[in-house]
Amino acid sequence: MGKWVIALVAVAAALAAPSSLAQVVLAQSVYHAAILPSNTVRTFTVRCAGGYVAVSAGVSSPAPGATLLGVRPSGLAAYTFRFGNPATNDQQVTVVVACRRFLFKLPTRVKVTPLQLKVKVPAGKLTAAGLPCPPGTAPAGWGDDLAPGQGHGYAPGGAARVTVRKASMHLRGFSFSVRNSGSKAQSVTLYGICLTAFRPAGASRERLQVRITTYRVPLQAGSQRVIHSCPSRWVSLAAGYVLRSPLTMIGGAAAIGQGGRWWIASDAEGRPTADLQLVCARLSK
């Protein structure tokens, strides 16, 4: 590793550190509103400003009836989105990319490691998969491509019946589960972004701390928006989820500024729950 040593600490709960020791993580949310023409698959890319890393991306305001077919990292500073709109009228969707810039006092650098895994999901099955982060790194954002190679026309067919039921982070990587309720096997691609910080050997420790918090949320009938925030002086890196009822669907999940936002719809009876995950980060000595 040369003259650099890993300077990352991943924690499952908040770490106590004097606020005077905290360094700076700049959080920039880049929004993009896109028109989705009827019966069309549309692909577009949203980029961060210079000097920022795209740590995650998601849907800020979903479009009624439209399906998110894919959201994947595009280099280190952008995400590419694919939506299918089966409706007979145009729809508008708003997406957001979580752009972050890490400012250490010492000449410390942050390294981003993208991961990718292709999974074949049999018809009528739920398939689990994992993406481990390299040693000494921590998970940030994730993505998926549920309909690789689909053409320009779009109808609610096989791709719409493939859904990510679980996209969660733990201290060593990512866990996914994908359900295929169609009659044919489908191939999907899963993505993960792992972060680490390096500092000059012999320098005092400056650390990138990562906190992963899970909220179990009772759901009401219909659609609802849920918001959670990181602790003071922390910023969000990613938003994940675990859907526990087959009648519960996720309309969007995104890390925005110092928190996360989720859109969830449920037709389940009683009081179903969903686990919502928020990944937060800060810099400290």
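The values are calculated or read from the model by the stated rules, or taken from the named source; none is laboratory data. All values reported here derive from a predicted model rather than from experimental measurement. So basically every Cβ, Gly included, is an ideal-geometry build from the backbone, and we count neighbours across all protein chains shown. SASA here: full protein model, heavy atoms, side chains in, ligands and nucleic acids out. Shrake-Rupley method; radii C 1.70, N 1.55, O 1.52, S 1.80 Å.
Quick rundown of the values:
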| item | result |
| --- | --- |
| Residue check for Thr94: hydroxyl-bearing (Ser, Thr, Tyr) and assigned to a strand (DSSP E or B) | yes |
| Test: residue in segment 39-54 that is outside any strand (DSSP E or B), touching a residue at least 60 places away in the same chain (Cβ under 8 Å) and either over 25 Å from Val162 (Cβ atoms) or open to solvent by 60 Å² or more (accessible area, probe 1.4 Å) (or both) | yes |
| Extreme residue, surrounded by the most Cβ atoms within 10 Å (Cβ to Cβ), among residues of segment 110-141 that are part of a strand (DSSP E or B) and of a type in the set (Ser, Thr, Tyr) | Thr127 |
| Any chance Leu76 is out of contact with any Lys or Arg (no Cβ under 6 Å at 6 or more places or on another chain) and not small (Gly, Ala, Ser) | yes |
| Residue under evaluation Ala57, criteria (1) at pLDDT 95 or above; (2) part of a loop (DSSP other than H, G, I, E, B), criterion not met | (2) |
| Output for segment 250-271, where each listed residue is open to solvent by 20 Å² or more (accessible area, probe 1.4 Å), modelled with pLDDT of 90 or more and farther than 17 Å from Ser56 by Cα | Ala265 |
| Odd one out for Ala63, checked against (1) crowded, with 21+ Cβ neighbours inside 10 Å; (2) in a strand (DSSP E or B) | (2) |
| Within segment 180-195, considering residues that are touching a Ser or Thr at 6+ places or on another chain (Cβ under 8 Å) and closer than 20 Å to Arg82 by Cα, the one surrounded by the fewest Cβ atoms within 10 Å (Cβ to Cβ) | Asn180 |
| Options Val242, Val217, Val235: the member that is within 27 Å of Val93 (Cα to Cα) and at pLDDT 95 or above | Val242 |
| Any chance Leu69 is on the phi < 0 side of the Ramachandran plot and open to solvent by less than 30 Å² (accessible area, probe 1.4 Å) | yes |
| Qualifying residue in segment 113-125 (condition: modelled with pLDDT under 95 and under 23 Å from Ala255 (Cα atoms)) | yes |
| Condition check for Asn85: touching a residue at least 12 places away in the same chain (Cβ under 8 Å), surrounded by 14 or more Cβ atoms within 10 Å (Cβ to Cβ) and either more than 23 Å from Phe174 (Cα to Cα) or of a type in the set (Phe, Trp, Tyr) (or both) | yes |
